[in-house]
Amino acid sequence: MVRARLTIDPARPVGPVSRRLFGAFVEHMGRGVYGGIHEPGHPEADRDGFRRDVVDLVKEMGVTTVRYPGGNFVSGFRWEDSVGPRDQRPVRLNLAWHSTETNEVGLHEFASWLEQVGAELMLAVNLGTRGTLEALDLLEYANVPSGTTLAEQRIRNGRRQPFDVRMWCLGNEMDGPWQLGQMSAEDYGRLAARTAKAMRQVDPGLELVACGSSGAAMPTFGEWERTVLTHAYDDVDYLSCHAYYEEKDGDLGSFLASATDMDRFIETVVATADHVKAVRRSPRTINVSFDEWNVWYLSRVPAGLARRIDDWPLAPAISEDPYTVADGVVVGNLLMSLIRHADRVTSASIAQLVNVIAPIAAEPRGPAWRRSTFFPFAATSRLARGVALRVGVDCPGYDTAEHGEVPVVDAAATADDGVAALFLVNRSQTEEAEVTVDLAPLGVRTIEEVLTLSDPDPHAANTSDRQDRVRLRPNPRAALIGGRLSVSLPPVSWTAVSLH
Ligand code: AHR
């Protein structure tokens, strides 16, 4: 048995937890859109071909924003292809994912889908193979109420009210050699600044995200952020972070500690942004949009997607990871990392949403169901309210090959007007953890619910035939006596405690 003692001081909150932390990402990739959210002819499909069962699951997951339409896809995308009469839309090559893009789902359809889901649209513009003018055109089409050719075109295409998109990503992963139009930090920083200035001439209140590095392992990580912000600091509001984790070579111990890497990543990017702030003596603060994060078994993606010129499949299955209990525990832990940095991470998107690298699986002509990663996301989105609190964790550590020594137990907490939530992870593969914490300063008196994700087999996963082999289960081993909470966590588990 591992013992962990937590300390929480409500007098020194980290900052408000933005609802935008519970965003997701939908890319025209694999079966994410076609055969995912959209499958005309499916028994659950609505008039527009969108699956109602998938909409219900996305709502249940508590997704607040959705970044769209890419990802790598956006760097080859002409937005004009995706509006207007559906039967006249061009069919194009999706170069990022070696497939065919029919443009059957475009801006209008996706925005209507989001209205059903109740989430905010976050749009990415193509700065890989296009530039400022095309970004301006899309902005005018989307946000100008009426009276210009593009605004009137939108109205003719069925949308009188503007889409009024607030958050815009200035390209995607522009440092990546895989990116169409990859650029140096100097070139991208200048382009991002120019494009941001121009977009603000149309709509000054936009929130603009400049591309950070594609990941902390990129050779130019750190220097990329510094250079881009040196050019674009006054013009953008966010710098993006992207991170994917996977269990490599059976090293579950390192994998379970992925959130320590995310902590470091965020803190390094924030320090770099604040360095530029200091050098410029700027009163502005750049926050982080962690707009791609998840567990992704990238090592299972075939080295080259089919590269034949005569073979451009429609919505091929790519990266449909089955997701295990351990994957769910890591996803829950990554959310805890976002919460404890809520003062600077004010937007985030789990990547992605349906079928591709996704918490929701949708079978062609079949059911839609929850993968293990769905559960901690849905519970955290539901319970993490108000402000994030600092949590001290006093517990033993263990050695990992990838991250050095890490604590066995990790914790994050939020509080809001008489309610509080505690999120806990036990990374031990063999031992239970007994967690105690004095909650008297929070003024909470009753436990509302304690839900745990665990399984005797950390590699158990849901399948189409057994859709709830893995799920959250009530954890009866919790008590709140005299303001002191104690809760037992099984090995390799994630737990949410909600208190009143
Ligand atoms: O989410 C899948 C891909 O991962 C995105 O297209 C890209 O931005 C990242 O490399």
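A few remarks follow.
- Only residues that are under 19 Å from Asp53 (Cα atoms) and either surrounded by 20 or more Cβ atoms within 10 Å (Cβ to Cβ) or within 16 Å of the ligand (Cβ to nearest atom) (or both) were counted across the stretch 25-41, and they come to 11.
- On inspection, Asp274 passes the criterion of being more than 22 Å from the chain's Cα centre (by Cα) and within 25 Å of Arg390 (Cβ to Cβ).
- Filter result (open to solvent by 10 Å² or more (accessible area, probe 1.4 Å) and either among the polar types (S, T, N, Q) or within 16 Å of the ligand (Cβ to nearest atom) (or both)) within the stretch 338-366: Thr346
- Checking each residue of the stretch 320-337 against the condition of being out of contact with any Pro (no Cβ under 6 Å at 6 or more places or on another chain), away from the ligand (no atom under 16 Å from the Cβ), open to solvent by 10 Å² or more (accessible area, probe 1.4 Å) and not assigned by TED's automatic domain parsing to the domain that holds Val409 gives at least one match.
- Some residue of the stretch 388-402 being over 20 Å from Thr100 (Cα atoms), surrounded by 24 or more Cβ atoms within 10 Å (Cβ to Cβ) and modelled with pLDDT of 95 or more: yes
- Test result for Leu136, hydrophobic (A, V, I, L, M, F, W, C), assigned by TED's automatic domain parsing to the domain that holds Ile357 and part of a loop (DSSP other than H, G, I, E, B): no
- Number of the exception - Gly131 against (1) more than 30 Å from Ser18 (Cα to Cα); (2) of a type in the set (Gly, Ala, Ser); (3) surrounded by fewer than 16 Cβ atoms within 10 Å (Cβ to Cβ): (3)
- Of all residue pairs spaced 6 or more apart or on separate chains, those with beta-carbon atoms under 7 Å, a first member in the stretch 306-335 that is under 14 Å from Ala351 (Cα atoms) and a second member that is among the basic types (Lys, Arg) and more than 15 Å from the ligand (Cβ to nearest atom) are Tyr323/Arg371.
- Positions within the stretch 78-106 being in a strand (DSSP E or B) and within 16 Å of the ligand (Cβ to nearest atom), in sequence order: Leu93, Asn94, Ser99, Glu101
- Test: residue in the stretch 14-24 that is within 16 Å of the ligand (Cβ to nearest atom) and either open to solvent by less than 10 Å² (accessible area, probe 1.4 Å) or in contact with an Asp or Glu (Cβ under 9 Å, 6 or more places away or on another chain) (or both): yes
- Considering Ile357, Ile339, Ile350, the condition of being within 30 Å of Gly30 (Cβ to Cβ) and assigned to a loop (DSSP other than H, G, I, E, B) is satisfied by Ile357 alone.
- Counted residues, the stretch 111-131 - those being under 15 Å from Val74 (Cβ atoms) and either in a loop (DSSP other than H, G, I, E, B) or of a type outside the set (Gly, Ala, Ser) (or both): 10
- The set of residues in the stretch 188-220 that are away from the ligand (no atom under 14 Å from the Cβ), closer than 30 Å to Gly328 by Cα and under 23 Å from the mean Cα position of the chain (by Cα) contains only Ala210.
- Residue list for the stretch 364-405, filter: assigned to a loop (DSSP other than H, G, I, E, B) and closer than 30 Å to Asp249 by Cβ: Arg371, Ser372, Thr373, Cys395, Pro396, Ala401, Glu402, His403
- Qualifying residue in the stretch 356-368 (condition: in the same structural domain as Thr430 (by TED's automatic domain parsing) and out of contact with any strand residue (DSSP E or B) (no Cβ under 8 Å at 6 or more places or on another chain)): no
- The stretch 270-301 - residue that is more than 15 Å from the ligand (Cβ to nearest atom) and outside any helix (DSSP H, G or I) and, of those, most open to solvent (accessible area, probe 1.4 Å): Arg281
The values are calculated or read from the model by the stated rules, or taken from the named source; none is laboratory data. The structure presented is a predicted model; accordingly, all values stated were derived computationally and were not measured. Glycine also receives a Cβ, built like all others from the backbone with ideal geometry; neighbour counts cover every protein chain displayed. Only protein heavy atoms, including side chains, enter the accessible area calculation; ligands, DNA and RNA are left aside. Shrake-Rupley method; radii C 1.70, N 1.55, O 1.52, S 1.80 Å.
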